[in-house]
């Protein structure tokens, strides 16, 4: 059952990436983030209120949100800040770069986890992990060559820097999730509900403090159906993933690979939907990066 849940989460995550690209194309990024997150808040807030009014009923549905301490709120706010920062970088990069380049780079998160373990904890990667890292970095080089054909210079483009920063910060956020749930004993529902609500607070601040005063001088905002879909899809994907992880028989290695394979959906659908070029060349590079990810995760 947990494998099917992992596949469902993967599908929602892949469609989420496509909606994200559709929403930010020639559109203002901060309003997209603000309104899409409102869709997630529209799910999280009733669950929080329901837990306060009908705790037994919510517990029977495994949706009860336990109260947390002041220290816990600070941790959830920190989690929300890391996610919001990663998303801002990722959405700006998605706006200016082909999805067929952005998605594979985002899928290479495990290599940065491994690099962090080497630098911070002096871990020694296995031969399989070294091979996986070599494949991923070879993929980066290949994308830099392909990107030049489209006028994208990897080493001078700030949008390429943005997507790498988004991936790096997202990796740190994932490690923080593991620490919160396994190290501090917070439930997945607690983490998801509270960080979603704090994301709503942060994006409201960003929207009114940064974009609203400059709205007449910046990229105009256009409402699109894909904007609320972003919030709904990522919320469903994360929830299904957390349910899969809670299964005692679930193998986190397999689930991690399944989640990374969402890039295949976003690549295939996005590349054809947005009529991107060099699809065949990028597909081969994508397969190499996914193979590198699989080697790193399976050898971990």
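All of the numbers you see were taken from the coordinates with simple rules; none came from a lab. Small disclaimer: the values here were computed from a predicted structure and weren't measured. As a convention, Cβ positions derive from the backbone with ideal geometry for all residues, glycine included, and neighbour counts pool all protein chains shown.
Report the rotationally averaged projected area of the stretch 4-55 based on its alpha-carbon convex hull, in square nanometres.
Directional mean of the projected Cα hull area for the stretch 4-55 stands at 4.9 nm².
Considering every Cα-Cα pair within the stretch 105-253, what fraction, in whole percent, is farther apart than 19 Å? Intermediate values should be presented prior to the final figure.
On the way: 7743 of 11026 pairs.
Distances greater than 19 Å cover 70 percent of the Cα pairs.
Return P(r) of the stretch 37-147 (all Cα-Cα pairs; 5 Å bins starting at 0; whole %; ordered from short to long distances).
It works out to 2, 9, 11, 13, 14, 12, 12, 11, 9, 5, 2, 0, in whole percents.
Can you put 35, 141 in order of Cβ neighbours within 10 angstrom, beginning with the fewest?
Lowest count first: 141, 35.
In deg cm²/dmol, rounded to 500, what helix-only [θ] at 222 nm does the chain give when every DSSP H run of at least 4 residues adds -39500 (n - 2.57) and the total is split over its residues?
-25500 deg cm²/dmol
Sorted from fewest to most neighbouring beta carbons within 10 Å, what does the list 178, 79, 281, 21 look like?
178, 281, 79, 21
Expressed in nm to one decimal, what extension gain is obtained for the pair residue 119 and residue 223 from 0.36 nm per residue of sequence separation less their Cα-Cα distance?
33.1 nm
What Kirkwood Rh does the stretch 1-99 have if only Cα atoms enter the pairwise 1/r average? Answer in Å.
Details: mean 1/r = 0.0622 Å⁻¹.
The Cα-based Kirkwood calculation yields 16.1 Å.
Compute the orientation-averaged projected area for the stretch 174-234 from the convex hull of its Cα atoms and round it to one decimal in nm².
Over every viewing direction, the Cα hull of the stretch 174-234 projects on average to 5.6 nm².
Between residue 153 and residue 59, what length comes free when the chain is fully extended (0.36 nm per residue of separation minus the Cα-Cα distance, one decimal in nm)?
28.6 nm
Hey, with R₀ at 45 Å, roughly what FRET efficiency would residue 216 and residue 178 work out to, going by the Cβ-Cβ distance, to 0.05?
E between residue 216 and residue 178, to the nearest 0.05, is 0.55.
Measure out, as a whole number of angstrom, how far apart the alpha-carbon centroids of the stretch 33-98 and the stretch 163-186 sit.
About 15 Å separates the Cα centre of the stretch 33-98 from the one of the stretch 163-186.
Taking the Cα of residue 280, stepping 7 Å toward and past its beta carbon, and measuring to each backbone N in the stretch 135-157: which are under 18 Å?
Counting only backbone N, you get 143, 146-147, 149-150.
For 144, 226, what ranking results if the residue with the fewest other Cβ atoms within 10 Å of its Cβ goes first?
Working: 144 16, 226 21.
Fewest-to-most ranking of 144, 226: 144, 226.
Once the Cα gyration tensor of the stretch 25-83 is found, what semi-axes does its equivalent ellipsoid get, as square roots of 5 times the eigenvalues, in whole Å, sorted largest first?
Each semi-axis is the square root of five times an eigenvalue, giving 28, 17, 7 Å.
Take the Cβ-Cβ distance between residue 247 and residue 130 as r, set R0 to 30 Å, and report the resulting FRET efficiency rounded to the nearest 0.05.
Here the calculated transfer efficiency is 0.40.
In nm, what is the difference between 0.36 nm times the number of residues separating residue 78 and residue 272 and their Cα-Cα distance?
Details: separation 194, 0.36 × 194 = 69.84 nm, distance 3.74 nm.
Extra length available between residue 78 and residue 272 comes to 66.1 nm.
Rounded if a/c is under 1.5, else prolate if a/b is larger than b/c, else oblate: which is the stretch 168-300, with a ≥ b ≥ c the root eigenvalues of its Cα gyration tensor?
oblate
With a ≥ b ≥ c taken as the square roots of the eigenvalues of the C-alpha gyration tensor of the stretch 2-299, please select rounded if a/c is under 1.5 and otherwise prolate if a/b is larger than b/c or oblate if it is not? If you can, show how the numbers build up before the last one.
Details: a/c = 1.71, a/b = 1.19, b/c = 1.45.
Cα axes put the stretch 2-299 in the oblate bin.
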